[in-house]
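Asker: Can you keep this structure in mind? I'll have questions shortly.
The values are calculated or read from the model by the stated rules, or taken from the named source; none is laboratory data. Predicted, not measured: the structure shown is a model, and the values here were computed from it. Don't worry about glycine lacking a Cβ; one is built from the backbone with ideal geometry, like all the others, and counts go over all protein chains shown.
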Amino acid sequence: MALLTITAGIGSESLLIAQHIANRLSVRLYDDDRLQQEFLDMGLSLKDIESLDEKAPGFFNRLLDLKPKSYQELLESVVYRVAQRGEGVIIGHGSPFLLQDFGCALHVRIYSSETQRVKRIAQEWKIDEINAQKAIRKSDSDRRGFMEYAFNISWDDPGLYDLIVNTDKLGYETAAEMIIAVASSDIINSCSLTALETMKRYSLEKRIEAVVKKTLLVPKNVQVSVTDDGHVTLTGVMNPLESQDRLLDAVRSVPGVIDIAAKIASEKIHDI
(Lines give C-alpha, C1' and ligand atoms only; values in the text may rest on other atoms or scores of the structure.)
Protein backbone atom coordinates (compact mmCIF):
# COMPACT_ATOMS: atom_id res chain seq x y z
CA MET A 1 0.00 0.00 0.00
CA ALA A 2 1.09 3.59 -0.61
CA LEU A 3 -0.46 6.72 0.86
CA LEU A 4 0.94 10.05 -0.32
CA THR A 5 0.12 13.67 0.34
CA ILE A 6 1.20 16.26 -2.19
CA THR A 7 1.44 19.93 -1.30
CA ALA A 8 2.11 22.68 -3.83
CA GLY A 9 1.06 26.15 -4.85
CA ILE A 10 -1.13 26.64 -7.89
CA GLY A 11 0.75 26.43 -11.18
CA SER A 12 3.28 23.88 -9.89
CA GLU A 13 2.08 20.92 -12.03
CA SER A 14 1.03 19.09 -8.86
CA LEU A 15 -2.10 17.66 -10.48
CA LEU A 16 -0.11 16.18 -13.39
CA ILE A 17 2.36 14.66 -10.94
CA ALA A 18 -0.39 13.28 -8.71
CA GLN A 19 -2.25 11.77 -11.66
CA HIS A 20 0.94 10.11 -12.93
CA ILE A 21 1.69 8.65 -9.49
CA ALA A 22 -1.86 7.40 -8.94
CA ASN A 23 -1.91 5.69 -12.34
CA ARG A 24 1.47 4.04 -11.89
CA LEU A 25 0.74 2.81 -8.37
CA SER A 26 -2.87 1.86 -9.22
CA VAL A 27 -4.27 3.87 -6.31
CA ARG A 28 -7.05 6.43 -6.14
CA LEU A 29 -6.38 10.12 -6.65
CA TYR A 30 -8.05 12.36 -4.08
CA ASP A 31 -8.29 15.74 -5.76
CA ASP A 32 -10.90 18.39 -4.99
CA ASP A 33 -13.70 16.57 -6.82
CA ARG A 34 -12.98 13.19 -5.24
CA LEU A 35 -12.74 14.67 -1.73
CA GLN A 36 -16.08 16.38 -2.32
CA GLN A 37 -17.57 12.99 -3.19
CA GLU A 38 -16.07 11.49 -0.03
CA PHE A 39 -17.74 14.27 1.91
CA LEU A 40 -21.11 13.39 0.37
CA ASP A 41 -20.56 9.65 0.88
CA MET A 42 -20.08 10.27 4.59
CA GLY A 43 -23.69 11.46 4.74
CA LEU A 44 -22.78 15.02 5.68
CA SER A 45 -25.04 17.82 4.54
CA LEU A 46 -24.31 20.50 1.97
CA LYS A 47 -26.72 22.84 3.76
CA ASP A 48 -23.96 25.03 5.18
CA ILE A 49 -22.37 25.63 1.79
CA GLU A 50 -25.33 26.03 -0.55
CA SER A 51 -24.33 29.64 -1.19
CA LEU A 52 -21.12 28.63 -2.97
CA ASP A 53 -20.76 29.72 -6.58
CA GLU A 54 -20.92 26.45 -8.51
CA LYS A 55 -19.24 28.04 -11.52
CA ALA A 56 -16.02 28.76 -9.64
CA PRO A 57 -13.32 26.06 -9.52
CA GLY A 58 -12.40 24.24 -6.33
CA PHE A 59 -15.13 23.10 -3.93
CA PHE A 60 -12.93 23.04 -0.82
CA ASN A 61 -10.97 26.11 -1.85
CA ARG A 62 -14.21 28.08 -2.14
CA LEU A 63 -15.31 26.73 1.21
CA LEU A 64 -12.04 27.98 2.73
CA ASP A 65 -12.71 31.47 1.34
CA LEU A 66 -16.24 31.65 2.75
CA LYS A 67 -16.34 29.43 5.84
CA PRO A 68 -12.83 28.63 7.15
CA LYS A 69 -14.11 26.89 10.30
CA SER A 70 -16.38 24.58 8.30
CA TYR A 71 -13.48 23.97 5.92
CA GLN A 72 -11.26 22.81 8.78
CA GLU A 73 -13.92 20.49 10.21
CA LEU A 74 -14.61 18.87 6.85
CA LEU A 75 -10.92 18.46 6.08
CA GLU A 76 -10.30 16.59 9.31
CA SER A 77 -13.13 14.12 8.87
CA VAL A 78 -12.56 13.51 5.15
CA VAL A 79 -8.76 13.20 5.25
CA TYR A 80 -8.89 10.77 8.18
CA ARG A 81 -11.52 8.73 6.33
CA VAL A 82 -9.22 8.45 3.31
CA ALA A 83 -6.15 7.68 5.43
CA GLN A 84 -7.79 4.70 7.12
CA ARG A 85 -7.72 2.92 3.73
CA GLY A 86 -3.94 3.09 3.80
CA GLU A 87 -3.47 4.05 0.15
CA GLY A 88 -4.11 6.85 -2.30
CA VAL A 89 -2.72 10.22 -3.38
CA ILE A 90 -4.19 13.24 -1.57
CA ILE A 91 -3.58 16.64 -3.13
CA GLY A 92 -3.25 19.45 -0.58
CA HIS A 93 -6.23 20.25 1.67
CA GLY A 94 -4.12 20.23 4.82
CA SER A 95 -3.37 16.52 4.46
CA PRO A 96 0.33 16.64 5.44
CA PHE A 97 -0.56 18.57 8.58
CA LEU A 98 -3.45 16.32 9.57
CA LEU A 99 -1.43 13.16 8.90
CA GLN A 100 1.87 14.34 10.32
CA ASP A 101 1.88 11.59 12.95
CA PHE A 102 0.64 8.93 10.54
CA GLY A 103 3.85 7.04 9.79
CA CYS A 104 2.36 5.21 6.80
CA ALA A 105 2.09 8.37 4.70
CA LEU A 106 4.75 9.94 2.48
CA HIS A 107 4.50 13.74 2.54
CA VAL A 108 5.76 15.45 -0.62
CA ARG A 109 6.21 19.15 -1.34
CA ILE A 110 6.36 20.21 -4.99
CA TYR A 111 8.50 23.28 -5.62
CA SER A 112 8.34 25.48 -8.70
CA SER A 113 9.61 29.03 -9.10
CA GLU A 114 7.15 31.89 -9.29
CA THR A 115 8.37 32.68 -12.81
CA GLN A 116 7.38 29.23 -14.09
CA ARG A 117 4.14 29.20 -12.13
CA VAL A 118 3.13 32.56 -13.57
CA LYS A 119 3.66 31.28 -17.12
CA ARG A 120 1.58 28.17 -16.49
CA ILE A 121 -1.29 30.00 -14.77
CA ALA A 122 -1.38 32.69 -17.47
CA GLN A 123 -1.68 29.98 -20.10
CA GLU A 124 -4.14 27.74 -18.22
CA TRP A 125 -6.42 30.54 -17.07
CA LYS A 126 -5.98 32.63 -20.23
CA ILE A 127 -4.98 35.76 -18.35
CA ASP A 128 -1.97 38.07 -18.55
CA GLU A 129 1.12 37.41 -16.43
CA ILE A 130 0.51 40.34 -14.09
CA ASN A 131 -2.88 38.94 -13.05
CA ALA A 132 -1.42 35.43 -12.91
CA GLN A 133 1.21 36.65 -10.45
CA LYS A 134 -1.44 38.33 -8.31
CA ALA A 135 -3.52 35.14 -8.28
CA ILE A 136 -0.55 33.01 -7.23
CA ARG A 137 0.50 35.35 -4.43
CA LYS A 138 -3.05 35.63 -3.10
CA SER A 139 -3.53 31.86 -3.20
CA ASP A 140 -0.24 31.23 -1.40
CA SER A 141 -1.00 33.87 1.21
CA ASP A 142 -4.50 32.53 1.87
CA ARG A 143 -3.34 28.94 2.30
CA ARG A 144 -0.31 29.86 4.37
CA GLY A 145 -2.43 32.02 6.66
CA PHE A 146 -5.09 29.38 7.13
CA MET A 147 -2.62 26.59 7.94
CA GLU A 148 -0.96 28.77 10.56
CA TYR A 149 -4.35 29.68 12.03
CA ALA A 150 -5.87 26.19 11.96
CA PHE A 151 -2.89 24.00 12.77
CA ASN A 152 -0.30 26.43 14.16
CA ILE A 153 2.13 25.10 11.55
CA SER A 154 4.01 26.91 8.81
CA TRP A 155 3.20 25.75 5.28
CA ASP A 156 6.84 26.47 4.38
CA ASP A 157 8.43 24.37 7.13
CA PRO A 158 10.58 21.76 5.30
CA GLY A 159 10.40 19.51 8.35
CA LEU A 160 6.78 18.72 7.51
CA TYR A 161 7.75 16.97 4.30
CA ASP A 162 9.60 13.73 3.66
CA LEU A 163 10.53 14.74 0.13
CA ILE A 164 10.81 18.11 -1.65
CA VAL A 165 10.99 17.99 -5.44
CA ASN A 166 11.96 20.83 -7.80
CA THR A 167 9.92 20.49 -11.01
CA ASP A 168 11.70 23.39 -12.72
CA LYS A 169 14.79 21.20 -13.00
CA LEU A 170 13.29 17.71 -13.18
CA GLY A 171 10.04 18.19 -15.08
CA TYR A 172 6.83 16.62 -13.86
CA GLU A 173 7.41 13.09 -15.25
CA THR A 174 10.87 12.66 -13.70
CA ALA A 175 9.61 14.21 -10.47
CA ALA A 176 6.71 11.77 -10.40
CA GLU A 177 8.96 8.75 -11.02
CA MET A 178 11.28 9.86 -8.21
CA ILE A 179 8.33 10.10 -5.82
CA ILE A 180 7.07 6.68 -6.93
CA ALA A 181 10.45 5.13 -6.17
CA VAL A 182 10.37 6.46 -2.61
CA ALA A 183 6.70 5.59 -2.12
CA SER A 184 7.39 2.00 -3.19
CA SER A 185 10.03 1.46 -0.51
CA ASP A 186 9.37 -0.98 2.33
CA ILE A 187 9.58 1.68 5.04
CA ILE A 188 6.66 3.63 3.53
CA ASN A 189 4.56 0.54 2.90
CA SER A 190 4.87 -0.96 6.39
CA CYS A 191 1.53 0.44 7.59
CA SER A 192 0.23 -1.27 10.72
CA LEU A 193 -3.39 -2.17 11.37
CA THR A 194 -3.19 -0.09 14.55
CA ALA A 195 -2.38 3.03 12.52
CA LEU A 196 -5.28 2.40 10.16
CA GLU A 197 -7.69 1.90 13.06
CA THR A 198 -6.49 5.17 14.58
CA MET A 199 -7.36 7.04 11.39
CA LYS A 200 -10.80 5.38 11.38
CA ARG A 201 -11.38 6.54 14.95
CA TYR A 202 -10.21 10.08 14.19
CA SER A 203 -12.62 10.29 11.25
CA LEU A 204 -15.58 9.11 13.30
CA GLU A 205 -14.70 11.44 16.15
CA LYS A 206 -14.59 14.48 13.86
CA ARG A 207 -17.95 13.58 12.30
CA ILE A 208 -19.54 13.27 15.72
CA GLU A 209 -18.06 16.59 16.84
CA ALA A 210 -19.56 18.22 13.75
CA VAL A 211 -22.99 16.78 14.64
CA VAL A 212 -22.69 18.00 18.25
CA LYS A 213 -21.85 21.50 17.01
CA LYS A 214 -24.90 21.55 14.75
CA THR A 215 -27.24 20.19 17.44
CA LEU A 216 -26.33 22.22 20.54
CA LEU A 217 -26.37 25.97 21.11
CA VAL A 218 -23.20 25.70 23.24
CA PRO A 219 -21.39 22.62 21.86
CA LYS A 220 -18.03 23.42 23.47
CA ASN A 221 -19.38 22.16 26.83
CA VAL A 222 -19.75 18.60 25.52
CA GLN A 223 -16.66 16.49 24.81
CA VAL A 224 -16.51 13.48 22.51
CA SER A 225 -14.36 10.38 22.87
CA VAL A 226 -14.47 7.34 20.57
CA THR A 227 -12.96 3.87 20.79
CA ASP A 228 -11.55 2.05 17.76
CA ASP A 229 -14.64 -0.16 17.56
CA GLY A 230 -17.15 2.73 17.50
CA HIS A 231 -18.21 3.09 21.14
CA VAL A 232 -18.86 6.77 21.89
CA THR A 233 -18.75 8.61 25.20
CA LEU A 234 -20.20 12.10 25.60
CA THR A 235 -19.25 14.06 28.71
CA GLY A 236 -19.88 17.60 29.92
CA VAL A 237 -22.86 19.83 30.65
CA MET A 238 -25.89 20.95 28.67
CA ASN A 239 -28.40 23.73 28.97
CA PRO A 240 -31.45 22.11 30.66
CA LEU A 241 -33.68 23.72 28.02
CA GLU A 242 -32.01 21.63 25.31
CA SER A 243 -32.92 18.01 24.62
CA GLN A 244 -30.34 15.37 25.48
CA ASP A 245 -32.43 12.80 23.62
CA ARG A 246 -32.23 14.93 20.49
CA LEU A 247 -28.45 15.07 20.81
CA LEU A 248 -28.15 11.30 21.31
CA ASP A 249 -30.40 10.59 18.32
CA ALA A 250 -28.24 12.86 16.17
CA VAL A 251 -25.03 11.12 17.26
CA ARG A 252 -26.58 7.66 16.71
CA SER A 253 -27.33 8.66 13.11
CA VAL A 254 -23.59 9.00 12.34
CA PRO A 255 -22.41 5.92 10.40
CA GLY A 256 -19.94 3.90 12.47
CA VAL A 257 -21.43 4.63 15.89
CA ILE A 258 -22.07 1.36 17.77
CA ASP A 259 -23.38 2.70 21.06
CA ILE A 260 -23.30 5.82 23.24
CA ALA A 261 -22.53 6.36 26.90
CA ALA A 262 -23.82 9.79 27.96
CA LYS A 263 -22.33 11.40 31.05
CA ILE A 264 -23.89 14.81 30.61
CA ALA A 265 -25.12 16.91 33.51
CA SER A 266 -27.63 19.74 33.34
CA GLU A 267 -26.04 23.15 33.60
CA LYS A 268 -27.21 25.14 36.59
CA ILE A 269 -29.03 28.33 35.68
CA HIS A 270 -29.00 31.04 38.34
CA ASP A 271 -31.47 33.88 38.51
CA ILE A 272 -29.88 37.28 38.35
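Asker: Collect the residues in the range 228-250 that are in contact (Cβ under 8 Å) with a residue 24 or more places away in the chain and surrounded by 14 or more Cβ atoms within 10 Å (Cβ to Cβ), keeping them in residue-number order.
Answerer: Those that are in contact (Cβ under 8 Å) with a residue 24 or more places away in the chain and surrounded by 14 or more Cβ atoms within 10 Å (Cβ to Cβ): 230, 232, 233, 234, 235, 236, 238, 242, 247, 250.
Asker: Checking residue 257 against (1) at negative phi; (2) surrounded by 14 or more Cβ atoms within 10 Å (Cβ to Cβ); (3) part of a strand (DSSP E or B): exactly one of these is not met. Which one?
Answerer: Exception for residue 257: condition (3).
Asker: Output yes when any residue across the range 160-169 is out of contact with any strand residue (DSSP E or B) (no Cβ under 8 Å at 6 or more places or on another chain), modelled with pLDDT under 75 and surrounded by fewer than 14 Cβ atoms within 10 Å (Cβ to Cβ), and no when none is.
Answerer: no
Asker: Can I ask one more? Could you grab me the full set of residues in the range 180-211 that are at pLDDT 75 or above and over 21 Å from the mean Cα position of the chain (by Cα)?
Answerer: Result: 180, 181, 182, 184, 185.
Asker: Among the residues that make up the range 33-51, is at least one of them in the same structural domain as residue 181 (by TED's automatic domain parsing) and modelled with pLDDT of 90 or more?
Answerer: no
Asker: Oh, and also: Give 76, 13 a once-over and let me know the one that is of a type in the set (Asp, Glu), under 26 Å from residue 157 (Cα atoms) and at pLDDT below 85.
Answerer: Unique residue meeting the criteria: 76.
Asker: Only one of these conditions is not met by residue 107: (1) farther than 21 Å from residue 166 by Cβ; (2) touching a Pro at 6+ places or on another chain (Cβ under 6 Å); (3) not aromatic (Phe, Trp, Tyr). Which number is it?
Answerer: Failing condition for residue 107: (1).
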